[in-house]
1. Could you tell me whether the stretch 146-400 comes out rounded, prolate or oblate from its Cα gyration tensor? Rule is a ≥ b ≥ c as square roots of the eigenvalues, rounded for a/c under 1.5, then prolate if a/b exceeds b/c, otherwise oblate.
2. Tell me the mean residue ellipticity at 222 nm calculated for the chain from its helices only (DSSP H runs of n ≥ 4, each -39500 (n - 2.57), averaged over every residue, nearest 500).
3. Just tell me which aspartates and glutamates come within less than 17 Å, Cα to Cα, of residue 9; anything on the same chain fewer than 8 places away is out.
4. Please report, in debye to the nearest 20, how large the charge dipole of the stretch 2-136 is about its Cα centre when each Lys and Arg carries +1 at its beta carbon and each Asp and Glu carries -1 there.
5. Please give the contour-minus-distance gain from residue 328 to residue 343: 0.36 nm per residue of separation, less the Cα-Cα distance, rounded to one decimal in nm.
6. Kindly identify the stretch 2-136 as rounded, prolate or oblate by the Cα gyration tensor criterion: order the square roots of the eigenvalues as a ≥ b ≥ c, call it rounded if a/c is under 1.5, otherwise compare a/b with b/c, prolate if a/b is larger, else oblate.
7. Lysines near residue 318 by alpha-carbon distance under 26 Å, same-chain residues fewer than 8 away left out - which ones?
8. Let me have the relative contact order for the chain, percent, based on Cα pairs under 8 Å that are six or more residues apart.
Amino acid sequence: MFVDLDRMKQVNDTLGHNVGDRLIVSSAHRLTAAATEGDLVARLGGDEFAVLTRVAGARRPDLSAVALGERFRQAIATPDPALPSGAHSVASVGVAIGAPGADAETLLREADLAMYRAKQAGGDKVRIAVDIGARLGPRPASGEGIVPAIERGELRLFYQPIIGVNDGRVWSVEALVRWQHPQHGLLTPDRFLSGVHRARQLPALDRWVLDRACADLAAWDAALGEQAPRAVNVNLTVETLSAPDLAGQVLAALRRAGLAPDRLRVELPESADLAQLQDAVRQLRELRDQGVGIVLDDMGAGSATLRHLSVLPVTGLKIDRSFVARMLDSRNDDAVVRLLGDLGRSVGIDVTAEGVESEDQLDWLRQLMVPYAQGYHLGMPAPADHLTALLRTGRPRGVARVPIAPHVP
Ligand code: C2E
Ligand code: CA
Ligand code: CA
């Protein structure tokens, strides 16, 4: 189990490092108290802890893993009355279960990755590593970070079209980062983002993506003119969003590429803790006022969705693909897609359904009047030059009935 405190930075920043230290000591005591005879509780460094335990004879190992993780999540979530108020933190917990003989390195890495997913889902959560080993194969060392890879020119941007549901036009493209790793091949973000997070290099990654995406859009403008995508969507991490010069950085990237601000949309992790984004609100508002689109990603997958919508200056939202995947079979999921579509219409923001994998789903979105869609059915993420060809011929892969033409502003 990998246990990582969610609010350590705020506690240090607001109450000082002495109180931060006491929070760490208290967390260590509480984790130890929650452990059972024979468990090993360790502090890995900073606000990261690990617990090694034995799950013997569990009939549903995944269930008992959740229960185990929950025990330690709760141990941290229950405030310590001995600490000053405000010195409280919840924790993100990742659990990995190894077969007998599994090596420590792999277990810890998988637990770390699961912890990172818990954090991305808003913190104070437990996530389980699935199919350890079988799923991923080797992964680059998690502490390596991304800066050397950027310097070696190993990062790539893939683009996935976002399509108008009614007219089939490419409305925007989302930039998705890949790492062309010299040993491990082409890696998707789930293989390396947690390592970048741990090396505290997410802002460097985001800066590179931002610059690259703006440059690629400018190149499409030059090559395709009116047929170039209307905008590019870029994912930003919480770490970047809380940087004091966020607006300056984003606007500078646009300037460097010679793009108007309304050509860029930044996607915010919906799961981001509102407290974490508090400082970002003013800067996001400035960006929005300049014309930059502000899009809430993975809406419905996290916890604080509606609050985020009312607090943040958003211009769009993306319906998480888990709802789209099940909307044809589940009344509840259908209701969520409907609700978010209606909500978008009534408050006047763009709504995009993610993860569209079939023509039936696309048809249904049309009936629900969800205006934009993205997914394998409409186009796989692909390198920029593949997309150039697609934009020229005007027809994304997989779409037979909807004619595709570039969006004309
Ligand atoms: P996301 O922002 O929700 O991105 C969409 C993910 O869904 C992409 O995975 C995409 O390949 C995948 N996807 C697209 N269509 C479908 C579909 O029809 N079905 C299914 N099952 N999946 C689909 P990818 O590229 O592996 O990215 C995963 C996550 O990594 C992203 O989720 C985003 O949170 C993060 N990420 C990706 N690129 C960047 C980046 O440049 N910067 C930052 N900060 N985060 C990134
Ligand atoms: Ca996204
Ligand atoms: Ca998404």
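We did not get these values from a lab; they are worked out from the coordinates using the rules stated. Just so it is clear, the structure is predicted and the values come from calculations on it, not from any experiment. Here Cβ is always computed from backbone atoms with ideal geometry, including for glycine, and neighbour counts include all displayed protein chains.
1. Details: a/c = 1.41, a/b = 1.15, b/c = 1.22.
Judged from the Cα gyration tensor, the stretch 146-400 comes out rounded (a/c under 1.5).
2. Values: 16 runs with 178 residues, N = 409.
Theoretical 222 nm ellipticity from helices: -13000 deg cm²/dmol.
3. 21, 47, 48, 124, 239, 273, 279
4. 300 debye
5. Numbers: separation 15, 0.36 × 15 = 5.40 nm, distance 1.99 nm.
Taking 0.36 nm per residue and subtracting the Cα distance, the gain is 3.4 nm.
6. Numbers: a/c = 2.14, a/b = 1.79, b/c = 1.19.
Prolate.
7. 119, 125
8. Numbers: 762 pairs, mean separation 55.1, N = 409.
Taking the mean separation of contacting Cα pairs over the length of the chain, I get 13 percent.
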